[in-house]
Amino acid sequence: AARLSGGENRLVSLPLSRIRVIMKSSPEVSSINQDALFLTAKATELFVQYLAAYSYKHGKGKEKNALTYSDLSHTAEECETFQFLADILPKKILASKYLKMLEKEKQDGDVGKDNEEDEEEEDEDE
């Protein structure tokens with residue numbers, strides 16, 4: 001109980017109330033034990049620290065003595081351990097580049113669709 005009291009030095013930095021809300025959002029969770037809540041908070045905190053340290057050590061931000069978003073996204077993309085974060089930490093791109101990518105995908109999709117239709121017509125001719 002002492003480790004969870006607000007008056008003493010806290011052993012976790014993350015707000016336990018937020019973690020409780022996130023844990024309760026899962027349909028499989030009906031009740032949350034205080035020890036489970038504390039351990040989840042501590043494990044999350046250690047994971048974030050490890051991700052930040054790894055990203056800083058292997059990123060370009062080390063040259064500037066700063067951890068950047070691009071360091072985190074690069075780690076999520078390149079390191080197998082963190083690849084599950086790739087959707088959460090995507091590489092930032094300019095809106096203009098994104099629009100060009102969408103346009104290209106649309107054109108490639110239309111070309112692919114035309115080729116499929118041509119192949120179907122050839123199959124019918126045979």
Taking into account only those residues within the range 54-72 that are open to solvent by less than 90 Å² (accessible area, probe 1.4 Å) and over 18 Å from Gln83 (Cβ atoms), which is modelled with the highest pLDDT? Tyr56
Picking from Glu28, Glu45, the residue that is within 23 Å of the chain's Cα centre (by Cα), outside any helix (DSSP H, G or I), under 26 Å from Phe82 (Cα atoms) and modelled with pLDDT of 90 or more would be Glu28
Residue check: is Glu63 in a helix (DSSP H, G or I) and free of Cβ contacts under 8 Å to residues at least 12 places away in the same chain? yes
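The values are calculated or read from the model by the stated rules, or taken from the named source; none is laboratory data. All values derive from a computational prediction rather than experimental measurement. All Cβ positions, even for glycine, are placed from backbone atoms using ideal geometry, and neighbour counts span all protein chains on display. What goes into the accessible areas is simple: the full protein's heavy atoms, side chains included, and nothing from ligands, DNA or RNA. Shrake-Rupley method; radii C 1.70, N 1.55, O 1.52, S 1.80 Å.
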